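Presented below is the structure to which this report refers.
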Amino acid sequence: MTTAELTKKDIFLETLSTLDFNETEHFLALRKNAMKELESLEFPTSKTEYWKYTRVGKIINNKYELGISKEVDVQPYLIENLDANILVVVNGFYQASLSKIDSESGITITSLSYAKKQELEGVKTHFNQFTQDKSEIFLAINNVYHTDGIYIEVEKNTQSTKPIHIINITTGDNILSQSRNLVVANVGSEVKVIESFINEEGSANFLNHVSEFFVAENAKVEYNKIQDKKENNYSVTTEQVYQEANSNFTINTATFNGALVRNNLNIEVDASNCETNLSGLYLGQNKDHIDNHTVVDHKKPHCNSNEVYKGVLDDESTGVFNGKVYVRQDAQITNAFQQNNNILLTDNASVNSKPELEIYADDVKCSHGSTTGQIDEEAIFYLQSRGISKRGAMKLMINAFAKDALERISIEPLQEYIDQKIEERFA
């Protein structure tokens, strides 16, 4: 094939084709199956409904290099007063020398590559179980070409005493990083995970990241996702979640920066009496483009889902929210709530909001809503009448609006860390 005949997809995948995976037959077969799906997929265009408001040209038109495993200084990315297990991933590769793991009975915390090499039962059973044949090209690319990441498993009726903080760093120019996580919470277990996505240096980097969560019966998982990429970097992240009976899954997503950020969150609620909580905050500035796509699929009765996403868009930034809730025919007595609220700080900022409900059951309580507007001038005037400057009044209003979005975070040092970042943004 001549260069002229190469498609954008061919050129994009050419960089990844040099990767060599030293894995067992089981995991190589999964990659091979994913390649068959990838061959049938193309990058989305403006006519692709699922990507209607987000153009991927910035990502696919760039020429990338594979990131290499390297040492970095993680001290600036630690969360003050947080006593946690620390796992560091740099350019898609686990860094044992930078990580700090305290051994705890009943909890496995290691690199994904090591877990695969040892063929740990949880990895063989659950890895790639919920990410196959989803007809989503970036997910398929990760299925084929992921390099390394983190594996966490909590045994039956075990509670993790410490949060687990994954620090996912990209460094260098035009680096393509493909990291992957698998979290297995067995029956009656409990675990809290924080993942920070950081750009140490460089520009035009692309992170394509996938996390899978298996939440077994009576298990409880809290995942906190902090995206603080530089404004000239790109990322597509996907979470695939599967919930069994009486389980509880909470995800809190805070996005502070990124030239193009796409979050794909897909939750399959496949048993009764489940609780599902989705909270998100996105703060756009300059020409940031932040896109949150969420799907909650209720398949069984007696479940609750609560979804609140809030955006503050400044300068010429753009926000996208597309949240979809399915309530299947068997999912009677489902309570599903969905809300998206946005504040535009300038005339050039914009948001596209599309909350959706698709209901096939008749005994349900479901609601959704969306608001977009500017700061309430009457409230600003009221605060000024109490001696607060206009700038101070606006800061108070924005901070209160933003902080309310992530009230489900249960880790106090993390809550303080995010509050401080919000304060700094609107100082």
Identify, from the list Thr255, Thr250, Thr318, the residue that is crowded, with 24+ Cβ neighbours inside 10 Å and among the polar types (S, T, N, Q). Thr255
Here is a list: Thr24, Thr15, Thr54. Which entry is touching a residue at least 12 places away in the same chain (Cβ under 8 Å), at negative phi and surrounded by 16 or more Cβ atoms within 10 Å (Cβ to Cβ)? Thr54
What's the number of the only condition in (1) buried (at least 20 other Cβ atoms within 10 Å of the Cβ); (2) out of contact with any strand residue (DSSP E or B) (no Cβ under 6 Å at 6 or more places or on another chain); (3) of a type in the set (Asp, Glu); (4) in the same structural domain as Thr131 (by TED's automatic domain parsing) that Glu217 fails to meet? (1)
Wholly within the stretch 173-263, strands (runs of 3 or more DSSP E) carrying at least 3 residues that are among the charged types (D, E, K, R) and at pLDDT 95 or above: 190-201, 220-228
Considering (1) under 25 Å from the mean Cα position of the chain (by Cα); (2) under 21 Å from Asp288 (Cβ atoms); (3) modelled with pLDDT under 95; (4) not β-branched (Val, Ile, Thr), say which one His368 fails and leave the rest. (2)
Exactly one condition in (1) in a loop (DSSP other than H, G, I, E, B); (2) in contact with a strand residue (DSSP E or B) (Cβ under 8 Å, 6 or more places away or on another chain) is false for Lys58; which is it? (1)
Could you figure out which of (1) modelled with pLDDT under 95; (2) more than 30 Å from His289 (Cα to Cα) isn't true of Tyr360? (1)
Consider Leu41 carefully, then state whether it is in a loop (DSSP other than H, G, I, E, B), out of contact with any Gly (no Cβ under 8 Å at 6 or more places or on another chain) and among the aliphatic types (A, V, I, L, M). yes
Mind listing whichever residues of the stretch 27-50 are under 16 Å from Val236 (Cα atoms) and free of Cβ contacts under 8 Å to residues at least 24 places away in the same chain? Thr45
Residue pairs within 9 Å by beta carbon, gap of at least six or interchain, first lying in the stretch 81-98 and at positive phi, second among the charged types (D, E, K, R) and surrounded by fewer than 20 Cβ atoms within 10 Å (Cβ to Cβ), listed first then second, are Asn81/Glu412; Asn81/Glu416; Asn91/Lys70
Wholly within the stretch 80-170, which helices (runs of 4 or more DSSP H) include no fewer than the required count, namely at least 1 residues that are basic (Lys, Arg)? 112-117, 121-126
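The values are calculated or read from the model by the stated rules, or taken from the named source; none is laboratory data. In this text, all values refer to a predicted model and were calculated from it rather than measured experimentally. In this analysis, Cβ positions are derived from the backbone assuming ideal geometry, glycine residues included, and neighbour counts consider all displayed protein chains.
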